[in-house]
Each structure stands twice: as C-alpha cells, then as structure tokens.
Amino acid sequence: MIKEAVILAGGLGTRLQSVVSDRPKCMALVNGKPFLHYLVEFLKKSGIQKFLFSVGYLHESIEEYLRSEYSNLQYKISVETEPLGTGGAVKLACQHASEKNLLVCNGDTLFKVDVVSLYELHLSRSSNCTLCLKLMQNFDRYGVVTLNEDDTVKSFHEKKFYESGLINGGVYAVNAVNFMKENLPDKFSFEKDYLENNTALQYGDTPKLYGIIQDKYFIDIGIPEDYERAGRELK
C-alpha cells in the first residue's frame, strides 16, 4: 500500500484571481474550509499516513493551517524559494521522502481514485510512474492521453475540443528512487519534460509509464466555474 503522498500546493492560481486573490489555490475556501482539507481527508481515508506538502506562493498560510488544524498529521514541508515547475517541485519533495513509492497529487484537484488498484498495477508492472486517467466528454480544457493494450502510455495530445477522451487526472504513483536517478534539472515540467519525454522512450524492453482508467469523482478548481461547482458538490 502507498503510505506517503506529495501534494503540489505551490500554484499561483492566476485563473482564479477574480474570486480568490489572497491565498494559494489549495487554500481557496469551499463551504468554509480550504480545498486542501477535502484532499487531505480523502487521502487519509485512502491509507496515506505521511504527507509531503510542496509549497511556494504564500506558503505561510498553508503552514499555519496545517499547524492549527492538522497538528497530529505526520507531514513535512518542502518550500520552493523560487518557482521550479511541477517537476522541480516533485524532485525537491522527493528529497524528503521516506518511502520508495509515492502518491503525487495536485493541490487544486480532487480525484477520488482507488489507491489500492493504482498501487497494484504500479507494482505488478514495475512502473516508474503510473497515471490515473479519467474519461471525460465534450471538453477543451485538457489534453488527451492514449494507452496501448498493455496499459503503457502511448501518447499525449494537446488541448483542444474533444467529444470524448482520457485526461490526465493529476494523480500518480511514482517510484521515487528511480525518479531521483533520472538526469533531471532543478526546474522542469513534470507533465511535459518527464511524462511526455519518457513516453517516447518506452518502445524498448523496459516501459516506464503506465496508465489506469479510474471512473471516480473528479474536480479541478483551477477556473472560477469549477471552483463554484466544488462548493455545490463538496457539501
């Protein structure tokens, strides 16, 4: 079972500034509680025992919240002194990890994945990174991921309108040991520079990336409409 999670909570939230301008995205209030509350509570129920919070923008508010509301939580803080991109944030957080395999989540997204099924696939395929994918209809906000028959990631496609497709839900099982062995810079995009680049390397003997389709609840509060929807759905 995956016991440790990295939560990427350093986002600026530029698209949410019209409704949330004074705090990180994960601290946006949903029914009187930070969105982060819903994510942490879900992960605790899913068996996560240790947390690594990757923070940057206005990180003091996150740290104060954790001290006051989660004093009994086993957690560490990984602070970006400058923006490192999603990949750099994961790499920095992995330096504080105590487990070989980590769950990596975006702090502005709640995807209620089946962590057990994710971990079983991740281990059985000796995967370096296993992506949780969500089937969506009629959307233009996300790119699309395609899989091969053996569940390896085949390709990533750019954002445009799709009638139907699998999106990257922003939840991953990551082999942190192998990830830290990669020759990765300090600043990079996890999605572009790690996931998409490694997809091109999979056609040898050792595939690195796998995907698992999860038909579970998904909300990403990155835009005002979905932030408002979260208020209705997370009561």
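Tell me, which residue of the range 108-153 that is of a type in the set (A, V, I, L, M) and part of a helix (DSSP H, G or I) is most open to solvent (accessible area, probe 1.4 Å)? Talk me through it step by step, then tell me what you get.
Pass one, the range 108-153, residues of a type in the set (A, V, I, L, M): 110, 113, 115-116, 118, 121, 123, 131, 133, 135-136, 144-145, 147, 153.
Now narrow it down to the ones that are part of a helix (DSSP H, G or I): 115-116, 118, 121, 123.
Values: VAL115: 4, VAL116: 71, LEU118: 0, LEU121: 23, LEU123: 92 Å².
This residue is LEU123.
Please give the number of the condition TYR57 fails out of (1) within 23 Å of LEU92 (Cα to Cα); (2) assigned to a helix (DSSP H, G or I).
It fails just one condition, (2).
For the range 160-191, which residues satisfy the criterion of being modelled with pLDDT under 95 and outside any helix (DSSP H, G or I)?
GLU182, ASN183, LEU184
May I ask you to list pairs of residues, at least six apart or on different chains, whose Cβ atoms are under 6 Å apart, with the first in the range 103-118 being among the basic types (Lys, Arg) and at pLDDT 95 or above and the second being part of a strand (DSSP E or B) and surrounded by 22 or more Cβ atoms within 10 Å (Cβ to Cβ)?
none
Identify, from the list LEU43, LEU92, LEU52, the residue that is touching a Leu at 6+ places or on another chain (Cβ under 9 Å), closer than 17 Å to ALA9 by Cα, at pLDDT 95 or above and not in a helix (DSSP H, G or I).
Exactly one residue qualifies, and that residue is LEU52.
In the range 27-40, which residue that is hydrophobic (A, V, I, L, M, F, W, C) and either part of a loop (DSSP other than H, G, I, E, B) or surrounded by fewer than 16 Cβ atoms within 10 Å (Cβ to Cβ) (or both) is nearest to the chain's Cα centre (by Cα)?
Quick first cut of the range 27-40, residues hydrophobic (A, V, I, L, M, F, W, C) only: 27-30, 35-36, 39-40.
Narrowing the set further to residues that are either part of a loop (DSSP other than H, G, I, E, B) or surrounded by fewer than 16 Cβ atoms within 10 Å (Cβ to Cβ) (or both) leaves 28-29.
On the way: ALA28: 17, LEU29: 19 Å.
The extreme case among them is ALA28.
For the range 74-107, what are the residues that are crowded, with 23+ Cβ neighbours inside 10 Å and basic (Lys, Arg)?
LYS91
The values are calculated or read from the model by the stated rules, or taken from the named source; none is laboratory data. Nothing here was measured: the structure is a model prediction, and the numbers come from that model. When we count neighbours, we look across all protein chains shown, and the Cβ atoms used for this are built from the backbone with ideal geometry, even at glycine. What goes into the accessible areas is simple: the full protein's heavy atoms, side chains included, and nothing from ligands, DNA or RNA. Shrake-Rupley method; radii C 1.70, N 1.55, O 1.52, S 1.80 Å.
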